[in-house]
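The values are calculated or read from the model by the stated rules, or taken from the named source; none is laboratory data. All values reported here derive from a predicted model rather than from experimental measurement. Methodologically, a virtual Cβ is constructed for each residue, glycine included, from the backbone with ideal geometry; neighbour enumeration extends over all protein chains shown. The protein model used for the area step is the full one, side chains on, heavy atoms only, and it has no ligands, DNA or RNA in it. Shrake-Rupley method; radii C 1.70, N 1.55, O 1.52, S 1.80 Å.
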Amino acid sequence: MRPRVMGALLAVAAACEPMPRKPSASETKATPADSPALQVPPAPPPATPPPPAVTKVATIAGFLAPESVLHDTAQDIYFVSNINGSPTAKDNNGFISRVRPE
């Protein structure tokens, strides 16, 4: 009877697929975090879109050296500061112009 049992076990063992064996933690090779095998090159930054095109809308005469503009929405008026003379000198030559949107 033993030969029959041995034959049956061999037949079953031959028909089964072997299971893959996972290596234990002590069998795996430790790789440092900065290993070249683990380093992934950074993705290139996205391309910056081109700046919007500048369109000249109007030219207003009388400004000597306009420096800043402020729009007052309550009055619908633009205030333009003008530099008259040296920009770094405190000579009280500057002035502010009021400009209507038209």
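Computed quantities for the displayed model
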| read-out | value |
| --- | --- |
| Any pair with Cβ under 7 angstrom, 6 or more apart, that starts in segment 87-102 at a residue that is in a loop (DSSP other than H, G, I, E, B) and ends at one that is open to solvent by less than 60 Å² (accessible area, probe 1.4 Å) | Asp91/Gly85; Asn93/Asn84; Asn93/Gly85; Gly94/Ser81; Gly94/Asn82; Gly94/Ile83; Gly94/Asn84; Arg100/Ile77 |
| Checklist (1) modelled with pLDDT of 80 or more; (2) of a type in the set (Gly, Ala, Ser); (3) more than 33 Å from the chain's Cα centre (by Cα) applied to Ala47, failing item | (3) |
| Among residues of segment 64-79, those that are in contact with a Ser or Thr (Cβ under 7 Å, 6 or more places away or on another chain) and modelled with pLDDT of 90 or more, counted | 0 |
| Candidate set from segment 57-86 (those that are open to solvent by 80 Å² or more (accessible area, probe 1.4 Å) and touching a Gly at 6+ places or on another chain (Cβ under 9 Å)); member that is farthest from Pro101 (Cα to Cα) | Leu64 |
